[in-house]
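Asker: Handing you a structure now.
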Amino acid sequence: MEIREFDVDQTMLRELSSEFSPVVLVKTLDLGGASASKDAETEFENYGRSLAARSVEEGERRSDRSYEVLKQAVAKTGEMLFPLVPQRYVEIAYLSLQPSKRLRVMLNSPAAFSYRVDDCSIYRAITEEYGESAARRMECRRTCLALLDELFSRFNLDVEVQMETEMAAAGSCLFRVTKGRGREAHGHS
């Protein structure tokens, strides 16, 4: 019998952290001028989508007991796919990048999922590399919005993704994913 851990694989988180280093990403961008904004937004969006894809790939490959039980419950009941299954991958992505050891979930219900980021390594890297004025433009928000869009679409979930507060204005980023009215498919591509 295979023994499975109940927590997310820490080696996977370290590997993803190395692969998706916010400092390395930020150093490759030109955030000094306003004309570079469109290119930077595209890079942040691509980074978020790639992080989502790798989080799912590695999370499936290195499954833990808690996730296996969740998948069985979803298969048996047809419930809980939203938000619990994509939430696992949101957690993997954020725990790989952020200094916090847990995702600050604000709301988790059959209709909505919301979480807050109080200390963002990407925002911090932008501030250190380009200054506060570059960070305050919040081009980095494209990373999180693209990550959420990619993760929930991988599970064929009709959702609306919103950023309710921004680090620059509120001192934290607050994201809300609201379940749409469409039908959800059980599984992912």
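The values are calculated or read from the model by the stated rules, or taken from the named source; none is laboratory data. None of the values given here were measured: they were computed from a predicted structure. Cβ: placed from backbone, ideal geometry, glycine included. Neighbour counts: every protein chain shown.
Asker: Could you tell me how many of the residues in segment 94-123 are without any contact (Cβ under 8 Å) to a residue 60 or more places away in the chain and surrounded by fewer than 20 Cβ atoms within 10 Å (Cβ to Cβ)? Before the answer, list the steps.
Answerer: Step one: of segment 94-123, the residues without any contact (Cβ under 8 Å) to a residue 60 or more places away in the chain are 94, 98-105, 108-109, 116-120, 123.
Of the ones still in play, those that are also surrounded by fewer than 20 Cβ atoms within 10 Å (Cβ to Cβ) are 99-105, 108-109, 116, 118-119.
Final tally of qualifying residues: 12.
Asker: Same structure again: Quick test for you: out of Gln87, Gln72, pick the one residue that is in a helix (DSSP H, G or I), modelled with pLDDT of 95 or more and buried (at least 17 other Cβ atoms within 10 Å of the Cβ). Lay out the reasoning, then the answer.
Answerer: Values: Gln72 fails: buried (at least 17 other Cβ atoms within 10 Å of the Cβ).
The conditions single out Gln87.
Asker: When the residues of segment 1-35 are filtered to those that are in a loop (DSSP other than H, G, I, E, B) and under 20 Å from Arg137 (Cβ atoms), which remaining residue is modelled with the highest pLDDT?
Answerer: Pass one, segment 1-35, residues in a loop (DSSP other than H, G, I, E, B): 1-9, 20-21, 29-33.
If we keep only those that are under 20 Å from Arg137 (Cβ atoms) too, we end up with 29-33.
Numbers: Leu29: 91, Asp30: 85, Leu31: 85, Gly32: 75, Gly33: 65.
Looking at the filtered set, the residue picked out is Leu29.
Asker: Ok, one more. Report yes if Leu148 is of a type in the set (A, V, I, L, M, F, W, C), touching a strand residue (DSSP E or B) at 6+ places or on another chain (Cβ under 7 Å) and within 21 Å of Tyr67 (Cα to Cα), otherwise no. Give the derivation first.
Answerer: Working: of a type in the set (A, V, I, L, M, F, W, C): yes; touching a strand residue (DSSP E or B) at 6+ places or on another chain (Cβ under 7 Å): yes; within 21 Å of Tyr67 (Cα to Cα): yes.
Judged against the criteria, Leu148 is a match.
Asker: If you check Ser55 against the conditions, is it polar (S, T, N, Q), crowded, with 17+ Cβ neighbours inside 10 Å and under 25 Å from Gln10 (Cβ atoms)?
Answerer: Numbers: polar (S, T, N, Q): yes; crowded, with 17+ Cβ neighbours inside 10 Å: yes; under 25 Å from Gln10 (Cβ atoms): yes.
It is true that Ser55 is polar (S, T, N, Q), crowded, with 17+ Cβ neighbours inside 10 Å and under 25 Å from Gln10 (Cβ atoms).
Asker: Mind checking which residues of segment 44-95 are out of contact with any helix residue (DSSP H, G or I) (no Cβ under 8 Å at 6 or more places or on another chain) and of a type in the set (A, V, I, L, M)?
Answerer: Scanning segment 44-95 gives Val69, Ala73, Ala75.
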